[in-house]
Amino acid sequence: MLEQQLPLYNQAGSLSALTFSSPPPSSPLLRLPVELRLIIYRSCSAFTLLQLSQSHPTLRTELNSIPDILTTSYGYTPAPLHQLSFRNIEKVASPLEAILFYHQREWTRASSSEESEAYYYNGDSPGHRRSIGVVVCRGCYYASIDVLEGRGTFYEDVKVWEGVWGGLSRFERSWERMSVPCGCASGIKRRVVWVG
């Protein structure tokens, strides 16, 4: 039996090797039949599909080979490249996705006074011009943190353009965060009610 060594960093930060006497176990998702995985993919947002596609080559191949799954997923927008990438993400579906997206796209933010830049590419704008939009703004990022820390409630079923109106939070930090306007496609902040 072949031994396989994978690099591994221990807590002290030094490199050691992890040795398997047999191939490492595959992802639990890959153990499911393809038909079941296709059903699961159809219930995922575009951002979740992007995370899955980056986790294993088999998943990336599956997702990119069935364009219908991608094009019908929540938050998907067409981009010049045919493979799923950050440029295909127009909006995210939940506070958890908003935080993850915001941190993963941190390098695209402008160093100017606008700190909320997490852009997507939209090739279907009028006149076939390239346009840029904000996927997760700073206001939605802060609201998402408040939801995960229990200072707010996220209403998934509310349409982004309708929004919800909630009471003011007694937490000063949340009040500062509430004053940051939402200016993105995801609209997470517009679906949060702060508890106080």
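Bear in mind that the values in this text are calculations on the coordinates, not laboratory data. Nothing here was measured: the structure is a model prediction, and the numbers come from that model. Cβ atoms come from the backbone with ideal geometry, glycine included; neighbour counts cover every protein chain shown.
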Using θ = phi - 60° and the Karplus relation 6.51 cos²θ - 1.76 cosθ + 1.60, list the HN-Hα couplings for segment 64-69 in order, rounded to whole Hz, with x at every Gly or Pro. 6, 8, 10, x, 4, 5
Label-point separation, residue 68 to residue 155 (7 Å along Cα→Cβ), nm: 3.5
If you plug each phi of segment 140-154 into the Karplus form 6.51 cos²θ - 1.76 cosθ + 1.60 with θ = phi - 60°, what whole-Hz ³J(HN,Hα) values come out, in order, with x for Gly and Pro? 5, 4, 5, 4, 5, 4, 4, 5, 5, 8, x, 8, x, 10, 9
